[in-house]
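The structure under discussion appears below in the form of structure tokens.
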Ligand SMILES: [Zn+2]
């Protein structure tokens, strides 16, 4: 497959990209003129960027609406509050089988151009090739919500895996103290990827492998986010959405909220979704370079930061088309449309791999009130 005439996001460099065997085979300035019988897609005024890497989500929690109603001092206070105030909603949604909730979580990400997501929770069996669900790490919930967290952290059988933990999610003493407790309890200097770190200071940051920044979730719960402008000097910053329990389904709104803080420059923010997580998680993606996995997104938005699901023209995952806009139909003559579902998102018609309509129907059989951002 060849993607002709696309501009690299951020640099604006005009390139054409040849994809072969799931990898980026060639990146050339200008067009490929020696067109063979390969699938050739030509674009007009479109940008290309690596498929986004969402470093923190709970794939099974994305049928929840945002639940809060007020600001909290820390995540334990929030957790207790919502289980009382929103008990009926929570019980209803948890009746939906986990496998269906997970599948929706994958689509939530894919519709936005996320091709790799790090799921927090127990290992899941992924039965499709739409995206990469990264699971080569150990999820430990948090100091206060996982009873045997010290044992899990110091388990010698897991010592080579990064531990991923919610940490410092709050604005009070509980949140900052739990970071110190976690550092002190890491007996074998296990690499820990912290999630949130709202209460984290620069000295504490030095003890972690990386920090996943989830600004939308932080502002929603705490009306404050991590001091990323300082912490970024001490560890890699990765971007995460968390689930819809604490924010919008659309990662692009999270990215714009992050940009408004000014804590990262545009390049740094872009890298928190691409090369930083690729490096920390050990992925062969995140760059538009030869021999990288062909995880690519083409968008007709004016710039990377104005992208939205309706602007996305094409999502490739390891060279396979996971999503395409209907305007590409004439150029995708060889594609087997029976493998795709037609949807409308934000007024724009797309084709998404798999039977998303059947998934929505099944989910609604368990909980008719759930709403989806597509028709
Ligand atoms: Zn989380």
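Read the figures in this text as sums done on the coordinates, not as results from a lab. A quick note: this is a predicted structure, and the numbers were derived from the prediction, not measured. Glycine gets a Cβ as well: all are built from the backbone with ideal geometry, and neighbour counts include every protein chain shown.
Rounded, prolate or oblate, given the Cα gyration tensor of region 216-318, with a/c below 1.5 counting as rounded?
Cα axes put region 216-318 in the oblate bin.
Taking a quarter of the surface of the convex hull around the Cα atoms of region 226-285, what do you get in nm²?
Values: hull surface 17.8 nm².
So the Cα hull casts an average projection of 4.4 nm².
Along the principal axes of its C-alpha atoms, what lengths does the chain span, in descending order and rounded to whole Å?
62, 47, 40
If I model a spin label at residue 21 and residue 233 as a point 7 Å from the Cα along the Cα→Cβ vector, what separation in nanometres do I get?
Result for the modelled spin labels: 4.6 nm.
Can you give me the angle between helix 75-85 and the longest principal axis of the chain, using Cα atoms only, in degrees from 0 to 90, rounded to the nearest 10?
For helix 75-85, the angle is close to 80 degrees.
Take the Cα coordinates of region 249-375, assign each an equal point scatterer, and use the Debye formula without solvent to give log10 I(q)/I(0) at q = 0.16 Å⁻¹.
Ignoring solvent entirely, the Cα scatterers give -0.99.
Which value at 222 nm does the chain reach when only helices count, each DSSP H run of 4 or more adding -39,500 (n - 2.57), with the total divided by all residues and rounded to the nearest 500 deg cm²/dmol? Don't skip to the answer; put the middle values down first.
Numbers: 12 runs with 101 residues, N = 375.
Taken over the chain, the calculation gives -7500 deg cm²/dmol.
Based on other C-beta atoms within 10 Å, arrange 259, 184 from fewest to most. Show your work: numbers first, answer last.
Working: 259 15, 184 9.
Going from least to most buried by this count: 184, 259.
What ranking do 335, 255 get, fewest neighbouring Cβ atoms within 10 angstrom at the top? Present the calculation step by step, with values, prior to reporting the outcome.
Working: 335 16, 255 23.
Ranked by crowding around the Cβ, least crowded first: 335, 255.
Rounded to the nearest 5, what is the percent of antiparallel bridges among the DSSP beta bridges in the chain?
Values: 33 of 59 bridges.
That works out to approximately 55 percent antiparallel.
To make sure I understand, if each residue's beta carbon is the centre and we count other beta carbons within 10 Å, what order do 200, 102 fall in, fewest to most? Don't skip to the answer; put the middle values down first.
Numbers: 200 26, 102 21.
Fewest to most other Cβ atoms nearby, the residues stand as 102, 200.
If you build a Gaussian network model of the chain, linking Cα atoms that sit under 10 Å apart, which residue out of 247, 346, 113 swings the most?
346
Label-point separation (nm) for residue 44 and residue 145, each offset 7 Å from Cα along Cα-to-Cβ?
If labels sit at residue 44 and residue 145, their model points lie 4.9 nm apart.
Once you've got the GNM for the chain with C-alpha springs shorter than 10 Å, pick whichever of 97, 236, 162 has the biggest mean-square fluctuation.
97
Report, in whole Å, the centroid distance computed from the Cα atoms of region 250-307 and region 69-105.
29 Å
Where q = 0.10 Å⁻¹, what log10 of I(q)/I(0) comes from the Debye formula for region 120-262, counting one point per Cα?
Once normalised to I(0) and log-transformed, intensities are -0.33.
Relative to the longest principal axis of the C-alpha atoms of the chain, give the angle of the C-alpha long axis of helix 173-185, reported between 0 and 90° and rounded to the nearest 10°.
80 degrees
Specify the residue with the greatest mean-square fluctuation among 272, 176, 217, computed from a Gaussian network of the chain linking alpha-carbon atoms under 10 Å apart.
Top of the fluctuation ranking is 176.
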